[in-house]
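The values are calculated or read from the model by the stated rules, or taken from the named source; none is laboratory data. Since the structure is predicted, the reported quantities are computational estimates derived from the model, not experimental observations. We place every Cβ from the backbone using ideal geometry, glycine too, and count neighbours over all the protein chains shown.
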């Protein structure tokens, strides 16, 4: 009979295959050639292919110091790609700053609309791309947790110890961990700008990358022409606060209450989520349910409108006695989350920017009465709280919002759990003298913003870069769709039926072959 591990892989791959593919691993490690110096750039012609066609491009490496403040620092190499504009009369290039931290910056696929008038440049993130990648296998192992609850104190402390062990190993290998911050990333981008011969550039940033874009604008305001931030993350917001998460769930509950078919399933979505989160069953059939893992997957999937609907479907089913969807989510965590980031890069960038040693993250991230709490914050910031990581903070002026005159467009989704729109509205927008925010109703994080209405989103960006006026006229209201055709409960049950049929088929085939052999032996003896 097939093993439980095989069963798990088959059931989960149907839903999480795309997620596994999209986990942005670092650009393959490269070496530093002999005889190079800081600022050297080596490029070769390259055909950049996208679904819309192929474009003339160059790719290669950029040489930068590990420590920008030390003349004798060792050198590191970062990958770089420049995709040339379609027209010969291009304007300011667009530098891409992707999400994370802990993800590669070499994965952007610019549209024809962006390439029409602009070169597009990708420079690898130090720590996630190039000759030094801060991979932490010790952390990947500890991410699976201890005991029956990922978010138990024992489990969180163990994760902190794994980070500490990883960092001690990296330091023994000669890595200066204080040099893998967002401030250093900005200096890398400036080195690339100068090496490529650009006077001014545009920025397009997503999620974590918007924080890099803010620091870039603070340090080099005369270098940045226009900056478009998608899924905006102001200072301090690498920590997801439980109060904001509860507020967002209540907003979803209001949308839910407007749908007569939804009301039939539960009159109060937020209360149903609270009921399940605080009274989670320990298993479904022979599958264990780890409450911390379910909550962590829940938070991750709430960032997109389609995946959020699947979460709600699973929770309501569990409240009505069917915990199969929660079991699948619990199992999925081990396959997806431990390998979803380059954890050393994640830690150095986030902790150096937002960690507050005076906070009790482990307690504060799950206050009594909260609907869900802040599971990802409890895990990641709780482990930082209990570890002995000596990560140097970036300068205080970059840990808070500053006034800025750079032309800036903030684009947010109203149901984005990763980078809530109100954070940008309340904390960042008042400090932008030339800022504008566009909030797209019932859209989540960056994937929704790019893909729900792509033509409208392209018009928004291209009009901003070309004229300074963000044209959002093509957007139409896309109401939240809560119905789910392939929910987690249905997927795991169908998968179990398929596995059972396969097992029965194999048993029948084996019995058939044995009988044929036995009959053949009988004939031979007679």
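The figures follow:
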| read-out | value |
| --- | --- |
| Answer residue from the stretch 423-436, given it is surrounded by fewer than 16 Cβ atoms within 10 Å (Cβ to Cβ) and assigned to a helix (DSSP H, G or I) and is nearest to the chain's Cα centre (by Cα) among those | 426 |
| All positions within the stretch 256-286 that are surrounded by fewer than 18 Cβ atoms within 10 Å (Cβ to Cβ), out of contact with any helix residue (DSSP H, G or I) (no Cβ under 8 Å at 6 or more places or on another chain) and within 19 Å of residue 310 (Cβ to Cβ) | 259, 261, 264 |
| All positions within the stretch 240-253 that are within 21 Å of residue 380 (Cα to Cα) and surrounded by fewer than 21 Cβ atoms within 10 Å (Cβ to Cβ) | 241, 242, 243, 244, 246 |
| Residue selected from the stretch 302-324 under the condition in contact with a helix residue (DSSP H, G or I) (Cβ under 6 Å, 6 or more places away or on another chain) and within 16 Å of residue 416 (Cβ to Cβ), by the criterion surrounded by the fewest Cβ atoms within 10 Å (Cβ to Cβ) | 307 |
| Selected residue (only one of 124, 160, 100 is in contact (Cβ under 8 Å) with a residue 12 or more places away in the chain and at positive phi) | 100 |
| Selection count where residues are touching a helix residue (DSSP H, G or I) at 6+ places or on another chain (Cβ under 6 Å) and not in a loop (DSSP other than H, G, I, E, B), scope the stretch 412-422 | 2 |
| Criterion violated by residue 188 - all others in (1) more than 30 Å from residue 414 (Cβ to Cβ); (2) buried (at least 17 other Cβ atoms within 10 Å of the Cβ); (3) more than 24 Å from the chain's Cα centre (by Cα) satisfied | (3) |
| Flag for residue 121 being touching a strand residue (DSSP E or B) at 6+ places or on another chain (Cβ under 7 Å), within 15 Å of residue 186 (Cα to Cα), surrounded by 15 or more Cβ atoms within 10 Å (Cβ to Cβ) and modelled with pLDDT of 95 or more | yes |
| Any chance residue 56 is over 26 Å from the mean Cα position of the chain (by Cα), surrounded by fewer than 19 Cβ atoms within 10 Å (Cβ to Cβ), in contact (Cβ under 8 Å) with a residue 12 or more places away in the chain and in a loop (DSSP other than H, G, I, E, B) | no |
| Flag for residue 345 being within 18 Å of residue 164 (Cα to Cα), modelled with pLDDT of 95 or more and surrounded by fewer than 22 Cβ atoms within 10 Å (Cβ to Cβ) | no |
| Of all residues making up the stretch 360-401, the number that are touching a residue at least 40 places away in the same chain (Cβ under 8 Å) and either farther than 21 Å from residue 349 by Cβ or part of a loop (DSSP other than H, G, I, E, B) (or both) | 21 |
| Residues satisfying the stated conditions in the stretch 196-235, i.e. touching a strand residue (DSSP E or B) at 6+ places or on another chain (Cβ under 9 Å), in a helix (DSSP H, G or I) and crowded, with 19+ Cβ neighbours inside 10 Å | 196, 208, 209, 210, 211, 212, 213, 214, 216, 217 |
| Selected residue [more than 30 Å from residue 366 (Cβ to Cβ) and in contact with a strand residue (DSSP E or B) (Cβ under 8 Å, 6 or more places away or on another chain)] from 188, 176 | 188 |
| Unique match (being farther than 19 Å from residue 301 by Cα and exposed (fewer than 13 other Cβ atoms within 10 Å of the Cβ)) among 473, 463 | 473 |
| Of all residues in the stretch 34-51 being touching a residue at least 12 places away in the same chain (Cβ under 8 Å) and assigned to a strand (DSSP E or B), the one that is nearest to residue 83 (Cα to Cα) | 48 |
| Unmet criterion (only one of (1) buried (at least 18 other Cβ atoms within 10 Å of the Cβ); (2) closer than 22 Å to residue 485 by Cα) for residue 289 | (2) |
| Whichever residue in the stretch 170-180 is outside any loop (DSSP other than H, G, I, E, B) and loosely packed, with under 14 Cβ neighbours inside 10 Å and, among such residues, is nearest to the chain's Cα centre (by Cα) | 171 |
| Within the stretch 437-454, considering residues that are over 16 Å from residue 409 (Cβ atoms) and either in contact with a strand residue (DSSP E or B) (Cβ under 9 Å, 6 or more places away or on another chain) or modelled with pLDDT under 95 (or both), the one surrounded by the most Cβ atoms within 10 Å (Cβ to Cβ) | 444 |
| Which listed residue is in a helix (DSSP H, G or I), out of contact with any strand residue (DSSP E or B) (no Cβ under 7 Å at 6 or more places or on another chain) and farther than 22 Å from residue 286 by Cα, from 332, 309, 314 | 309 |
| Residues being farther than 27 Å from residue 86 by Cα and in contact with a helix residue (DSSP H, G or I) (Cβ under 8 Å, 6 or more places away or on another chain) - total across the stretch 120-136 | 7 |
